[in-house]
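Here's the structure, in structure tokens; my notes come after.
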Amino acid sequence: MSSKNVLLKNVVKIYKGQGKKDVVAVNNVSLEIKAGEFVTLLGPSGCGKTTLLRIIAGFETPTGGEVYIGGENVTQITPDRRDTAMVFQSYALFPHLTVYENVAYGLRVKKQSESRIRQSVAEMLELVGLTGMESRYPNQLSGGQQQRVALARSIVMRPSVLLFDEPLSNLDAKLRVHMRGEIRRLQRQVGITGIYVTHDQAEAMSMSDRIIVMNNGVVEQSGTPQEIYLTPASEFVADFIGMANLVDAVVAEAGEGQGIIDLLGAKFRISSRGDLRSGEKVRVVIRPEAVALAGDGGIPAVVETSVYMGSSQDYRVRIDGQTISVVAYNPDESFREGDRVYLRIDERKLHVVRK
Amino acid sequence: MQAVRRDPVLAGTIAIVIVSLLLFIVWPIYAVLKESFISQQGLFTLDYYREAFRQSENVRVLVNTLWIGLFVSLFSTAIGFLFAYADAYLKIRFKSIFNILAILPIISPPFALSMSFIMLFGQRGFITYHLLGIKDANVYGFAGLAAVQILTFFPIAYLVLAGLLRQIDPSYEEAAQNMGASRWRIFRTVTLPLVVPGIANSFLLVFIQTVADFGNAMVIGGNYTTLAAKIYLQAMGNYDVKGGTALATILLSISVIMFVMQKYWVGEKSYVTVTGKPSRERQLISDGKVVWPVGLACFFISAFILLLYILIPYGSVVNLWGIDFTPTLKHYEYVFSLGLKPIIDTTYLSLLSMPITGILSMIIAFLIVRKKFFGRSMVEFTSMLSMAVPGTVIGMGYILAYNGPPLVLTGTATIIVFSFIFRNMPVGIRAGVASLRQIDPAIEEAAQDLGASSYKVFTSVTIPLIKSAFFSGLVYSFVRSMTAVSAVIFLVSASYNLLTVAIMGQVDVGRIGVAAAYSTILIIIVLAVTGALKLILGRMGIAVADM
């Protein structure tokens, strides 16, 4: 098997609205996914991520633009003749076929010999840990097992590109975490290019080589999980990934790739990818864990709420009309609602986004 | 939804479906309209309508049709509701009979009850002449026709309403009860309002059936002529095809208006969400004050209908109904001496059209639910429309359309088979659509994603998943073909005669015993074939839903 790259060039998808406005589901998206890479398309519902995935699979024809898989233009090719295999949100197992027949379905369509099919299916079921379940029907399996059959059915085809449409959203929280690792292991083992759609940032962070954040049909940012979290490209990304306080600030002193900003009445030295101009108004992303609360020394604030979360203590504090979230892990001391506190902000963790 | 143009097999299938719908539904209807609006000289004219309405008789026929439609629909809906309520809400024992009542009108000739009524209430009727001693009883006319139609068509209302009542979540009524409402109040303020759209729906469905009813109108209508019968008499009896088409157009307009109202106005207004899974078992009412009156009413109506149907085989084995009740097999001897041709022809043509109807209706259901293409709503509308077009109109359309080039089919078996296929398709389509809507489209996408072509997806995934609907459609189409009369009466010929038409002929000349024998044979064939089908399918593990 050879994994292939996927290239999207100016892909646009417009749904004709009934009498009313048309809906632009995907708005001029261009991106490349390298062979063997595992990429997640992350975004809120309605951002166009599933549409984009279905365009890559061939279920939707783009209104404009082209799709290349392994250098071949597949824009007008139907899904059955594309070298992709999809794992569906609902698993979409054939209810009238056994586990064995489900996994063998695609191989039969390819008219492989019965002995080869038997071997491939057996290998595959072993890989996903379902040996012995061959003659069961989907409705006799647990959700997690059905998920594995769906995985096996796709991977057994040895496709060049594996597509995942929120495959874990129907599982309970514990199993979901387990299956994340499982999917990543399988994908690495067989070395197939993976494109994974999800709205769950924890899934995206824990599985991906690269995350593509989408909103309103456009790509907001593409980068490694670290890049996405630490240096979000826009307010949307900052807000969507993890918790973020977005606070107004003014550039006090501009330097090359760095500067001093006036934030919450205090001065901070920050680095910046773009050039800052003196006097410019900017937005600053303050992650809740970049702030520590202390009994003295820092920016004065008042605790509004204080919630015990087990591994952390979550606060919302008030500073001249603004509310800021603060998370303290393993806190030595905890503050109570109404306490006067002082904020200490780690300036290395501050990140500026343009308005 | 993928574009059709990328998939030649799919595009080809859609083209074939559209062409066949145009050819066998739209064109015949167009032929009727054209014939009624175009003069001998080929000019547009309204003369045939003016002519039709100049005859006061035709105006009366129109009024008759509307009046009996209204009357029968009202009573059928009321009785249907009574049965549906008893079925869904009451603790009574004999509910299994209800299903039989619903099936009997489908598996017997459409005018079977008219025959039984004549046997009971006719001039030599068992009740009128023998029990009551009335010498000149006249069963023919409004009363006889209305009674027969109510008993034939109320099961339609029953099925619609029972389906709806069973879907009502019992918690609505429990909530009302919890707030202190009495049973009557709950019925009046919760249950009844919830099924108002269903009641309107049943009313319209029965109305469409009643105005289109040809068999009963011919057999027991007497001087109370309705449009469905008049069209036939005008065109085939008086050889006034033009006048017949003008009347046919009027009948067609009535039916189409009702159909459009039913489908697009009432059909959309359901409060009861059909989820496919009933939420919870309802606590059935066992209070005698409710169960006794409703139960008794249902019981007497059921018993009476069963009696009417039993009269048919019984009437076929007595010497001369109304005069000499000695057992005899002479009617069967007479039937066999006439030859088995109509029996064999009917069965053969019905069997022939069965698989075609079944497959075509599943394909259309699949296209309607799963594919987006130019003309989809036209395909949906046209294919369901053929259910509402009265048989006499379509029969007339068929002889007009296929009498000359490009398609000459008059007098052939083909024309009969086509009429069977396109008349019986809607039920299969409806069953297919309903069961497809329950199936996650991702399952078919998964198959395609794994490399299956659209043809392969359809045969290896779609059909197995909707096989129950598919086979129900098969069984139903066979039965309907066997009992069809209104359209095919225009299409039979010396070379191909059909059972139902032969039976009507016998009733017409007063040989009720022979007609009863034919009817009994027809019912036996229907039961034997459907029974065999169900048995074979049952062995294969496929349940066939009742119709």
### Query
Out of (1) within 12 Å of chain A (Cβ to nearest Cβ); (2) free of Cβ contacts under 8 Å to residues at least 40 places away in the same chain, what's the single condition that is false for B:SER468?
(2)
### Query
Can you name every residue in the range A:142-156 that is open to solvent by less than 20 Å² (accessible area, probe 1.4 Å) and assigned to a loop (DSSP other than H, G, I, E, B)?
A:VAL156
### Message
Can you report the number of residues in the range A:76-117 which are more than 7 Å from chain B (Cβ to nearest Cβ), surrounded by fewer than 22 Cβ atoms within 10 Å (Cβ to Cβ) and β-branched (Val, Ile, Thr)?
### Response
3
### the range B:440-476 - residue that is in a loop (DSSP other than H, G, I, E, B) and open to solvent by less than 40 Å² (accessible area, probe 1.4 Å) and, of those, nearest to B:LEU10 (Cα to Cα)
B:ALA452
#### Entry: Verdict on B:GLY215 being of a type in the set (Gly, Ala, Ser) and either under 26 Å from B:LYS91 (Cα atoms) or open to solvent by 40 Å² or more (accessible area, probe 1.4 Å) (or both)
no
### Task
Mind checking which helices (runs of 4 or more DSSP H) fall wholly inside the range A:165-275 and carry at least 2 residues that are modelled with pLDDT of 90 or more and either closer than 30 Å to A:VAL353 by Cα or among the acidic types (Asp, Glu) (or both)?
A:201-207, A:225-230, A:235-240
### Message
Every residue in the range B:129-168 that is more than 26 Å from B:VAL195 (Cβ to Cβ), of a type in the set (Ser, Thr, Tyr) and part of a helix (DSSP H, G or I), please.
### Response
B:TYR129
### Message
Among the listed residues A:VAL29, A:VAL24, A:VAL6, A:VAL12, identify the single one that is within 20 Å of A:GLY191 (Cβ to Cβ) and modelled with pLDDT of 90 or more.
### Response
A:VAL6
### Query
Is it fair to say B:VAL433 is more than 14 Å from every other protein chain (Cβ to nearest Cβ) and open to solvent by 10 Å² or more (accessible area, probe 1.4 Å)?
yes
### Query
Just wondering, is there one or more residues in the range B:362-380 that are crowded, with 24+ Cβ neighbours inside 10 Å and hydroxyl-bearing (Ser, Thr, Tyr)?
no
### Hits in the range A:57-73 - residues which are at negative phi, within 11 Å of chain B (Cβ to nearest Cβ) and not acidic (Asp, Glu)
A:ALA57, A:PHE59, A:THR61, A:PRO62, A:THR63
### Query
What are the residues in the range B:13-41 that are open to solvent by less than 30 Å² (accessible area, probe 1.4 Å) and not hydrophobic (A, V, I, L, M, F, W, C), if any?
B:SER20, B:PRO28, B:SER36, B:SER39
#### Entry: For A:LEU31: the one exception among (1) in a loop (DSSP other than H, G, I, E, B); (2) away from chain B (no Cβ under 12 Å); (3) not β-branched (Val, Ile, Thr)
(1)
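Inspect all residues belonging to the range B:40-49 and state whether any of them is within 25 Å of the chain's Cα centre (by Cα) and farther than 26 Å from B:SER386 by Cα.
The answer is no, given that none of the residues of the range B:40-49 is within 25 Å of the chain's Cα centre (by Cα) and farther than 26 Å from B:SER386 by Cα.
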### Message
I'm checking my understanding of the structure. Among residues of the range A:284-338 that are outside any strand (DSSP E or B) and acidic (Asp, Glu), which one is surrounded by the most Cβ atoms within 10 Å (Cβ to Cβ)?
### Response
A:GLU289
### Summary
Conditions (1) assigned to a helix (DSSP H, G or I); (2) open to solvent by less than 50 Å² (accessible area, probe 1.4 Å); (3) modelled with pLDDT of 90 or more -> B:GLN262 fails only (3)
### Task
Might you let me know whether the range A:13-22 holds any residue that is under 29 Å from A:ILE228 (Cα atoms) and within 25 Å of the chain's Cα centre (by Cα)?
yes
## Note on the structure
Of the conditions (1) surrounded by fewer than 18 Cβ atoms within 10 Å (Cβ to Cβ); (2) modelled with pLDDT of 95 or more, the single one that B:PHE44 does not satisfy is (2)
### Task
Residues being without any contact (Cβ under 8 Å) to a residue 24 or more places away in the chain and β-branched (Val, Ile, Thr): count how many of those fall in the range B:228-265.
2
### Task
Being of a type outside the set (A, V, I, L, M) and either part of a helix (DSSP H, G or I) or at pLDDT 90 or above (or both) is the filter here, so list the residues in the range B:111-122 that pass it.
B:PHE111, B:SER114, B:SER116, B:PHE117, B:PHE121
#### Entry: Breaking point among (1) over 18 Å from the mean Cα position of the chain (by Cα); (2) closer than 22 Å to A:HIS96 by Cα, for B:ILE524
(2)
### Message
I'd like to verify a number: residues in the range B:385-412 that are at pLDDT 90 or above and in a helix (DSSP H, G or I), how many?
### Response
11
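Yes or no: B:PHE94 open to solvent by 30 Å² or more (accessible area, probe 1.4 Å), at pLDDT below 95 and either on the phi > 0 side of the Ramachandran plot or not in a helix (DSSP H, G or I) (or both)?
It is true that B:PHE94 is open to solvent by 30 Å² or more (accessible area, probe 1.4 Å), at pLDDT below 95 and either on the phi > 0 side of the Ramachandran plot or not in a helix (DSSP H, G or I) (or both).
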### Task
Scan the range B:479-501 and report the pairs whose first residue is open to solvent by 30 Å² or more (accessible area, probe 1.4 Å) and whose second residue is not in a helix (DSSP H, G or I), with Cβ atoms within less than 6 Å and a gap of 6+ or a chain change.
B:VAL492/B:LEU498; B:SER493/B:GLY411
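Would you pick out the residues in the range B:107-138 that are open to solvent by 10 Å² or more (accessible area, probe 1.4 Å), closer than 27 Å to B:ALA484 by Cα and touching a residue at least 40 places away in the same chain (Cβ under 8 Å)?
Result: B:ILE107, B:PRO110, B:PHE117, B:ILE118.
The values are calculated or read from the model by the stated rules, or taken from the named source; none is laboratory data. Nothing here was measured: the structure is a model prediction, and the numbers come from that model. Methodologically, a virtual Cβ is constructed for each residue, glycine included, from the backbone with ideal geometry; neighbour enumeration extends over all protein chains shown. Just the protein is used for accessible areas: all its heavy atoms, side chains included, with ligands, DNA and RNA removed. Shrake-Rupley method; radii C 1.70, N 1.55, O 1.52, S 1.80 Å.
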